[in-house]
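Data first, discussion second: the structure below is written as structure tokens.
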Amino acid sequence: MDRRQALGFLAAASGAAALPRVVSAQGESTLRPIASSGERLPVVGLGTWITFDVTDPAARTARGAILRAFFEAGGRLVDSSPMYGASEETIGAAMPSNAKALFSATKVWTVGALAGRRQMESSRMLWKVARFDLVQVHNLLDWETHLATLKQMKAQGRVRYIGVTTSHGLRHDLLEHVLRTERLDFVQLTYNLRDPDAERILLPLAADRGAAVIINRPFDGGNLFGAKTRKPLPGWAAEIGCASWAEAFLKWIAAHPAVTCAIPATSQLAHLGENMRALSRPLPDAGLRRRIAEDYARA
């Protein structure tokens, strides 16, 4: 049993008591501005891919506990998509009473303008929100059509921010083209210690173009954990207040100046506690980020 499995067992055994109460100071190191507005978001959000694709009432109650703890810990941005099965319906059914700070982010994932409008309205009803804070074109599918619709919706006040996404390190050439030719509020992409390619072109370009950046797959779908993370954390962990590799991975991402928010997905309260502790100061500087990457590669 590795660290993550052990924590999952403890969470199942202890329920909400397994989650330390984490209230961030919400200082400069934990909040990042959305360039197009100046609004600030915590650098750790919540993804729902796979983890919220549940329909059983007990499972949805458990997801409600995840959301409640997320908001208690200072979280805001919750990200989903119609592609994620029942995740949007679960969000709407499980959203807790302490979700006043919710920054709702979903995606459009279909072909055609009419189909896109219908899908976005369906998502809005599933989430039970008056309007979305952010709608993104999922994996750039029919992006020109949907961006035209989203621009109209934003002008009409029916969505606050718009953007596009990629994942798994795919379609970077197209994403670069879209960033260079369109004015986007947000872009979402994959970036982690096993897949750092975005830092060559896309992250600097997003910063230059004034696009906030959401990071998906910050743990590479869980692949960052394993034999490497069963070893003790190196001495630098204490310098940035990390008690777990999960915190270190998230702080490494959040310390990149172009990153606005990382969205790890989880269904375990103990894991959520680890993730949200990454909101706390300090973040690693450039030199320590290099050491973290080097130590992880050697481990």
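The values are calculated or read from the model by the stated rules, or taken from the named source; none is laboratory data. Predicted model only: the values in this text are computed from it and were never measured. Cβ coordinates were reconstructed from backbone atoms using ideal geometry, including for glycine residues, and neighbour counts include every protein chain displayed. Surface areas here come from the heavy atoms of the whole protein model, side chains and all, with no ligands, DNA or RNA. Shrake-Rupley method; radii C 1.70, N 1.55, O 1.52, S 1.80 Å.
Looking across the stretch 82-94, the residues that are out of contact with any Asp or Glu (no Cβ under 9 Å at 6 or more places or on another chain) and open to solvent by less than 50 Å² (accessible area, probe 1.4 Å) come down to E88, I91, G92, A94.
For T106, are the conditions met, namely being in contact with a Gly (Cβ under 9 Å, 6 or more places away or on another chain) and either outside any loop (DSSP other than H, G, I, E, B) or at pLDDT 95 or above (or both)? Considered against the rule, which asks whether it is in contact with a Gly (Cβ under 9 Å, 6 or more places away or on another chain) and either outside any loop (DSSP other than H, G, I, E, B) or at pLDDT 95 or above (or both), T106 comes out as no.
Just one of the listed residues (L250, L224, L193, L205) is open to solvent by 20 Å² or more (accessible area, probe 1.4 Å) and at negative phi, namely L193. Among the residues of the stretch 253-271, those that are open to solvent by 10 Å² or more (accessible area, probe 1.4 Å) and either among the aromatic types (F, W, Y) or more than 24 Å from R68 (Cα to Cα) (or both) comprise A255, H256, P257, A258. Would you confirm whether any residue within the stretch 139-157 is open to solvent by 10 Å² or more (accessible area, probe 1.4 Å) and within 16 Å of the chain's Cα centre (by Cα)? Checking the stretch 139-157: at least one residue is open to solvent by 10 Å² or more (accessible area, probe 1.4 Å) and within 16 Å of the chain's Cα centre (by Cα). Within the stretch 129-148, the presence of at least one residue that is closer than 24 Å to I66 by Cα, outside any strand (DSSP E or B), charged (D, E, K, R) and modelled with pLDDT of 95 or more is confirmed. The C-beta contact set for the stretch 87-111 (first residue under 16 Å from A73 (Cβ atoms), second residue of a type in the set (A, V, I, L, M), distance under 6 angstrom, 6+ apart or interchain) comprises P96/L67; F103/L77. Counting only residues that are without any contact (Cβ under 8 Å) to a residue 60 or more places away in the chain and not in a loop (DSSP other than H, G, I, E, B), which one in the stretch 67-76 is surrounded by the most Cβ atoms within 10 Å (Cβ to Cβ)? Among them, the one singled out is L67.
Residue-wise test of (1) closer than 22 Å to N139 by Cα; (2) charged (D, E, K, R); (3) modelled with pLDDT of 95 or more; (4) part of a helix (DSSP H, G or I).
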{"position": "S37", "(1), (2), (3), (4)": "no, no, yes, no"}
{"position": "L41", "(1), (2), (3), (4)": "no, no, yes, no"}
{"position": "T51", "(1), (2), (3), (4)": "yes, no, yes, no"}
{"position": "A62", "(1), (2), (3), (4)": "no, no, yes, yes"}
{"position": "A65", "(1), (2), (3), (4)": "no, no, yes, yes"}
{"position": "V78", "(1), (2), (3), (4)": "yes, no, yes, no"}
{"position": "A93", "(1), (2), (3), (4)": "no, no, yes, yes"}
{"position": "N98", "(1), (2), (3), (4)": "no, no, yes, no"}
